[in-house]
Structures are given as structure tokens and as C-alpha cells.
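To start, the structure under review is shown below, and the notes come after it.
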Amino acid sequence: MSRATSLVKKIGTRFLPFADAATKELPLSRLLRLSLFQVSVGLAMVLLNATLNRVMIVELKISATLVSVLVALPLLFAPLRALIGHKSDNHRSILGWKRVPYIWAGTMMQFAGLAIMPFALLVMTGHGQSGPLAGEIFGAVAFLMVGAGVAVTQTAGLALAN
């Protein structure tokens, strides 16, 4: 048993919300491990909704309408989550795994979207050779990639906990 797990067990369930959700089949250490993918999703959402929102409007002087449309783009993948969940439940990869390849692919989509986003935002400000329309297109692609990655990662990851 690791030091972190033993420390959590010493604290007890009185101070840890949902710590009593662990069972013999699904111990607390496995629940914590399964919840780590949610950390990556949460960090991506904080970047999109809190930090980039303010930076784009205040410092890059991008219109608030365009920023709100870009921030809302990841929600377009919400209706597809049922299909993603069905595919991750029924499709086996070459390695024989069901959901892990979906979590991996979703995380890579998040990473790709977050990796191209700063460059798209720099092009969007209009200081480059291409016009601001190219920046808006690349920005939309970046936000869509992050949204697709979040949808795939969360759906397949939450199915692992069942």
C-alpha cells in the first residue's frame, strides 16, 4: 500500500467526501486512479473557460461574441457522448482493451487542440501574414479538438468506474 493511500485511510471518511463510496470490488486507491483522467479534463476546461476567455477579450482585444462562440464550440460534442459510450462499450481494440484506447485518443485530441490554440490565437489577432479569418478557423478547430477530446475522455473514463 502506498504512502498516499495509507494517509487517506488514516484521515478517515469523516473529512473526505465520497470516501465511503469505495467497496471491496472497487477500493479507494482504484477510485483515485480512475479519477485522474478527470483532472486532465478539468485543467483543460479551466484553461478554456476561465483563463483564455479573459485573455482573449481583455488583452488580445478579440470580440466577446467571437470568444463566446469559440468557448461554446466544445459543447457541440455533448450529443455524441451516447454514441461514444456505446462504441467504447462494444468495440475491442487490437490489444483487447475496450475503453483505454478511447481515453488515450481523447487525451491526445485535447493535447493537440491545446497545442495549436496559442498559435491560432496569435494569428487571430491579425499581426501575421494571413488574415484574421485564418485565425478564427484555426481557433475553431482547436476548440473543437479540445471539445472532442473532453467528450471522448470523460465518457470512456466514467464508464470504467461502473
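The values are calculated or read from the model by the stated rules, or taken from the named source; none is laboratory data. No experiment lies behind these values; they were computed from the predicted model shown. Please note: Cβ atoms are built from the backbone with ideal geometry, for glycine as well, and neighbour counts cover all protein chains shown.
Residue count for the range 81-99 under the criterion of being loosely packed, with under 15 Cβ neighbours inside 10 Å and under 17 Å from the mean Cα position of the chain (by Cα): the result is 1.
When L43, L133, L48 are checked against the criterion of being in a helix (DSSP H, G or I) and more than 25 Å from T153 (Cα to Cα), L133 stands alone in meeting it.
Being among the aromatic types (F, W, Y) and surrounded by fewer than 19 Cβ atoms within 10 Å (Cβ to Cβ) is the filter; apply it to the range 100-128 and report the residue that is modelled with the highest pLDDT. For the range 100-128, the residue satisfying everything is F111.
When A44 is tested against the conditions (1) under 17 Å from A120 (Cα atoms); (2) at pLDDT below 85; (3) exposed (fewer than 12 other Cβ atoms within 10 Å of the Cβ); (4) of a type in the set (G, A, S), the lone failure is (3). Among the residues in the range 113-128, are any part of a helix (DSSP H, G or I), closer than 17 Å to L160 by Cβ and out of contact with any Leu (no Cβ under 7 Å at 6 or more places or on another chain)? Scanning the range 113-128 turns up no residue that is part of a helix (DSSP H, G or I), closer than 17 Å to L160 by Cβ and out of contact with any Leu (no Cβ under 7 Å at 6 or more places or on another chain).
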